[in-house]
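Worksheet: one structure, shown below.
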Amino acid sequence: MKGLAELVMRGRWQALLVAVLGAASVLFCWISAAVVALVTLRRGLAEGSWLFFWTLLPAGTVAVVYSDTGPLALLSGTMLLAVVLRTTVNLPLALLASVAVGIVGGLLITVFGQAFLEQLVELFTRFVENWEAQLAASGQAVELHRPDATQIAGMLGMGTATMSVLCLLLARYWQAALYNPGGFGEEFRALRYPAGVSTALVLAGLALSTLGLGYRSWAMTCFIPLSFAGLALVHARVAIRGGGWLPWFYIAWVIFDPVKLVVMFLAIADSWLDFRQRWERRGGPPADGGDGPPGGGNG
């Protein structure tokens, strides 16, 4: 992956080639989004905007021909986060902007993508009905929930926001790997939100949840920054205290939903208690990073 970043940064036309090819593919549009973010972070808003404009052509074609706005939404969301990070040099603030990406993305799909949403509702309905039939055949009469258009729009918005954050972090890692080795690890491990911000995110999520079952997926968008702050806290723990359990943690995090909740609650508690300072006072100097790829800095 570092080799791809080196190719992109060799010149404008190399970056354009990689970004346009990625934007034309539903499977590889995340690479295009990360490339646009890397160019924006390293070379500035003008160069990043130029590249972003050209990626809109293949992404827009996919949206028109296949009714799939995923690449277009991901490119736009990642670009917005990259602009925030480039302008403010503040990773927590950039990740906080992912809430707006998810909410606005869901609203745009609701307004302009009704046909696409109806197709997804029908697809989910058929899947649920088939599942119910299989359960009934085995002697279990269960009526499962069928997601409506509102819930699916929220899920799509949340997915776009999450992927935009991941693409931004990949771009930040590439930037640091090329120009500031080790910087990304330090920057990510320091990711933390003040108590007021965490409280506001929780209250916003709870408020959306009270609107009904269909809005719970929208509410989860508010917790995306806290989830990444929780992961950063786990990496900080490993860096300060050491230990080789990080890969096992991620396996558990992917498989078991309660682990995701615990990580999010740890991020909220950290906003009030600042666990890193406590660990550093008790554990002395930090151990070797141990949290994955290095990176960082505007270079």
* To do: Determine which single condition Val65 fails, assuming it passes every other condition in (1) closer than 25 Å to Met155 by Cα; (2) buried (at least 16 other Cβ atoms within 10 Å of the Cβ); (3) β-branched (Val, Ile, Thr).
  => (2)
* Does the range 132-155 hold any residues that are in contact with a helix residue (DSSP H, G or I) (Cβ under 9 Å, 6 or more places away or on another chain) and either surrounded by 15 or more Cβ atoms within 10 Å (Cβ to Cβ) or not in a loop (DSSP other than H, G, I, E, B) (or both), and which are they? -> Pro147, Asp148, Ala149, Thr150, Gln151, Ile152, Ala153, Gly154, Met155
* Residue within the range 90-101 that is in a helix (DSSP H, G or I), in contact with a Cys (Cβ under 7 Å, 6 or more places away or on another chain) and closer than 18 Å to Ile152 by Cβ present -> no
* Asked: Of all the residues that make up the range 260-299, how many are at pLDDT 50 or above, of a type in the set (A, V, I, L, M, F, W, C) and surrounded by fewer than 16 Cβ atoms within 10 Å (Cβ to Cβ)?
  -> 6
* Please indicate, with yes or no, whether at least one residue in the range 160-176 is closer than 27 Å to Leu96 by Cβ, over 17 Å from the mean Cα position of the chain (by Cα) and touching a residue at least 60 places away in the same chain (Cβ under 8 Å). => yes
* Structure fact -> Contact list, first residue from the range 202-228 and closer than 19 Å to Thr162 by Cβ, second anywhere and among the aromatic types (Phe, Trp, Tyr) and not in a helix (DSSP H, G or I), beta-carbon distance below 6 Å, six or more apart or interchain, is Gly205/Phe223
* Structure fact -> Across (1) in contact (Cβ under 8 Å) with a residue 24 or more places away in the chain; (2) in contact with a helix residue (DSSP H, G or I) (Cβ under 9 Å, 6 or more places away or on another chain); (3) surrounded by fewer than 16 Cβ atoms within 10 Å (Cβ to Cβ), Val89 clears everything bar (2)
* Asked: Pairs, please: C-beta under 6 Å, at least 6 apart or cross-chain, first residue surrounded by 15 or more Cβ atoms within 10 Å (Cβ to Cβ) and in the range 13-31, second outside any helix (DSSP H, G or I)?
  -> Gly22/Phe28
* To do: Being modelled with pLDDT of 90 or more and either out of contact with any Lys or Arg (no Cβ under 8 Å at 6 or more places or on another chain) or β-branched (Val, Ile, Thr) (or both) narrows it down to one of Val142, Val128, Val101, so name that one.
  => Val101
* **Selected residue (criterion: farthest from Ala171 (Cα to Cα)) from residues of the range 1-12 that are in a helix (DSSP H, G or I) and in contact (Cβ under 8 Å) with a residue 12 or more places away in the chain** => Arg12
* May I ask you to say which residue of Leu203, Leu168 is under 30 Å from Arg278 (Cβ atoms) and buried (at least 22 other Cβ atoms within 10 Å of the Cβ)? => Leu168
* Considering only the range 217-274, give the helices (runs of 4 or more DSSP H) lying wholly within it that have at least 3 residues that are within 20 Å of the chain's Cα centre (by Cα), under 17 Å from Tyr193 (Cβ atoms) and of a type outside the set (S, T, N, Q). => 224-241, 257-273
* Asked: Is it the case that Arg126 is over 19 Å from the mean Cα position of the chain (by Cα), over 30 Å from Ala37 (Cβ atoms) and touching a residue at least 12 places away in the same chain (Cβ under 8 Å)?
  -> no
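The values are calculated or read from the model by the stated rules, or taken from the named source; none is laboratory data. Keep in mind that this is a model prediction, so the values were computed, not measured. As a convention, Cβ positions derive from the backbone with ideal geometry for all residues, glycine included, and neighbour counts pool all protein chains shown.
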